[in-house]
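Let me begin by presenting the structure, written as structure tokens, before commenting on it.
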Amino acid sequence: MAEPKTKYDRQLRIWGDQGQAALEKASICLLNCGPTGSETLKNLVLGGVGSITVIDGSKVELGDLGNNFMVDESCVGQSKAKCVCAFLQELNDAVKAKFIEEYPVTLIETNPSFFSQFTLVVATQLMEDSMVKLDRICREANVILIFARSYGLTGLVRISLKEHTVVESKPDHFLDDLRLNNPWPELKSFAESIDLDAQDPVALRHTPYVVLLIKMAEQWVKSHGGSLPSTREEKKEFKELLKARMVALDGDNYKEAIEASFKVFAPRGISSDLQQILNDSCAEVDSNSSDFWVMVAALKEFISNEGGGEAPLEGSIPDMTSSTELYVNLQNIYQAKAEADFLVIEQRVRNILKKIGKDPLSISKTTIKSFCRNARKLKVCRYRSIENEINSPILPELQKYLTDEDYSTAVGFYILLRAVDRFAANYNSFPGQFDGGMDEDISRLKTTAVGLLSDLGCNGSTLTEDLINEICRFGASELHAVSAFIGGIASQEVIKLITRQFVPMPGTFIFNGIDHKSQILSL
């Protein structure tokens, strides 16, 4: 067997050793192993999750061969859970794989405590009433739950858990933490020690842009009543001053300074997103608080005291045109400040732990360090229960989606996916599932959808005939291409949730295979 280090080499570059360790500890339960479920698990097995349990009570039929790559002719008539489980095990022998021949609906009804043994449950192709029951069970047991469903050319993915906190949110674009608009004493005096006028042209060309901008900003503040450029005119003027200095030199560092000048104009202090987390009632900690909220409480104290309104410094600097000596000095100044900030926060974390009656060493140095490095990018996600979304969706949002041209198909599919479940409860089959009676199914589905909309408080809203016809044409089929896509989305979310890296999606994800569009509805 290949060493995990080389085996998972590529993904380790994305979520690192800690992320991989979290995956290898995770136990995942899959409900229904049709194509949507099989495709979701395939990605997770290849990624190296700890263990999987496949639950499905059905036998493999001929029709399954056309849409599920994880069964073949030799499986016909055998347990679907057993065949899919064996196939998945072949993909990665490091994963513990087992199966249970049982219908998920039965298990949800008769053995709710069964689910509490898992880290995460992936529930595929469940109908509404089972979704509500399972959601209640998993929330009670603090088990992460993901629903995935594909239906003809549409599908949905929905995460459900009370709260998910992320330290390593890894946003695509984020401003470097350079503090050019608010340098601390050591950085200030380093900039002051360099006299731009006295330097020869070669040395000047190798002065890092951080120094140029701090000096320029200081000059500006002196001649503008103590404030940094804020209006568009002032920002333009500031750049012109830089350009004027550059003309004589044509140095790359001045070009970099002009490009980075917006970092001087950035508002000081912390973002409104971070402020919201600090103001959250969970930041008032007690003995039941999670490590995340204990660290937030320490961060809050730090910002109002030692931080002087700023979060701890991240401590890394980007590449820039500079002499090696100046770059290394600059790097050391940033690292020293980040280390000092970390030590203060670490002490505050230990004191808070002691105060709430926990072991002051129960949060590791590594964890606190990572928290400090990512303090400006923290994320807290909370999800409404499925029951709430179903019985009382956020009406203004729903009405907005129904009237918005961009969202009308996505919300149409969302309503119709709920309508087909009502339809099935009333008529014991899905619309268009059997040959013949198509016209009758179309009018029944239309009546069901209109009824559902009025129950939700959207009287008078209608869905297009085309969409209703399409849903009937789908006949509750699971198409392999759609299932693979939905499974890909679901498994990606599973990895975000288990590694606690990146930000999981906030609402109900709807795939519209007719227009090749994906959208998230917040209901």
Give the number of residues within region 84-132 that are of a type in the set (A, V, I, L, M) and part of a helix (DSSP H, G or I).
9
Name every residue in region 65-88 that is closer than 30 Å to residue 10 by Cβ, among the hydrophobic types (A, V, I, L, M, F, W, C) and open to solvent by less than 60 Å² (accessible area, probe 1.4 Å), in order of residue number.
70, 71, 83, 84, 85, 86, 88
In region 95-128, which residues are open to solvent by 50 Å² or more (accessible area, probe 1.4 Å), farther than 21 Å from residue 489 by Cα and under 27 Å from the mean Cα position of the chain (by Cα)?
96, 116, 117
Listed residues 477, 522; which is touching a Gly at 6+ places or on another chain (Cβ under 7 Å), over 29 Å from residue 403 (Cβ atoms) and open to solvent by 20 Å² or more (accessible area, probe 1.4 Å)?
477
Does region 265-279 contain at least one residue that is of a type in the set (A, V, I, L, M), free of Cβ contacts under 8 Å to residues at least 40 places away in the same chain and closer than 21 Å to residue 232 by Cβ?
no
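List the helices (runs of 4 or more DSSP H) inside region 171-248, counting only whole elements, that have at least 3 residues being at pLDDT 85 or above and charged (D, E, K, R).
Because the criterion is at least 3 residues that are at pLDDT 85 or above and charged (D, E, K, R), the helices (runs of 4 or more DSSP H) in region 171-248 that meet it are 185-192, 209-223, 232-247.
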Scan region 433-459 for residues that are out of contact with any Ser or Thr (no Cβ under 9 Å at 6 or more places or on another chain), farther than 25 Å from residue 396 by Cβ and not in a helix (DSSP H, G or I) and jot them down.
434, 435, 436, 437
Do we find a residue being charged (D, E, K, R), surrounded by 15 or more Cβ atoms within 10 Å (Cβ to Cβ), at pLDDT 95 or above and assigned to a helix (DSSP H, G or I) anywhere in region 488-497?
yes
Could you please give the count of residues in region 45-64 that are in a loop (DSSP other than H, G, I, E, B) and over 22 Å from residue 10 (Cβ atoms)?
5
Of all residues in region 196-229, which are small (Gly, Ala, Ser) and in contact with a helix residue (DSSP H, G or I) (Cβ under 7 Å, 6 or more places away or on another chain)?
217, 227
Open to solvent by 70 Å² or more (accessible area, probe 1.4 Å), in contact with a strand residue (DSSP E or B) (Cβ under 9 Å, 6 or more places away or on another chain), at pLDDT 85 or above and in a helix (DSSP H, G or I) - does that describe any residue in region 31-39?
no
Those residues of region 345-358 which are of a type in the set (A, V, I, L, M, F, W, C) and either modelled with pLDDT under 95 or surrounded by fewer than 18 Cβ atoms within 10 Å (Cβ to Cβ) (or both) amount to 356
So which residues in region 40-64 are at negative phi and open to solvent by less than 10 Å² (accessible area, probe 1.4 Å), if there are any at all?
40, 41, 44, 45, 47, 49, 52, 53, 54, 55, 56, 60
For residue 515, only one of the following conditions fails: (1) in a helix (DSSP H, G or I); (2) over 22 Å from the mean Cα position of the chain (by Cα); (3) over 25 Å from residue 390 (Cβ atoms). What is its number?
(1)
Given the options 419, 410, 424, name the one that is in a helix (DSSP H, G or I), under 28 Å from residue 40 (Cβ atoms), open to solvent by less than 20 Å² (accessible area, probe 1.4 Å) and out of contact with any Leu (no Cβ under 7 Å at 6 or more places or on another chain).
424
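Within region 425-435, identify whether any single residue is in contact (Cβ under 8 Å) with a residue 60 or more places away in the chain and farther than 15 Å from residue 476 by Cβ, and answer yes or no. First the steps, then the outcome.
Restricting attention to region 425-435, the residues satisfying the condition of being in contact (Cβ under 8 Å) with a residue 60 or more places away in the chain are 425.
Okay, now just the ones that are also farther than 15 Å from residue 476 by Cβ, so none.
Within region 425-435, none of the residues are in contact (Cβ under 8 Å) with a residue 60 or more places away in the chain and farther than 15 Å from residue 476 by Cβ.
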With respect to residue 322, is the statement that it is surrounded by 12 or more Cβ atoms within 10 Å (Cβ to Cβ) and of a type outside the set (Val, Ile, Thr) true?
yes
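The values are calculated or read from the model by the stated rules, or taken from the named source; none is laboratory data. None of these values were measured; they are calculated from a predicted model. All Cβ positions, glycine included, derive from the backbone under ideal geometry; neighbour counts span all protein chains shown. Remember, those area values only see protein heavy atoms, side chains included, never the ligands or the DNA or RNA. Shrake-Rupley method; radii C 1.70, N 1.55, O 1.52, S 1.80 Å.
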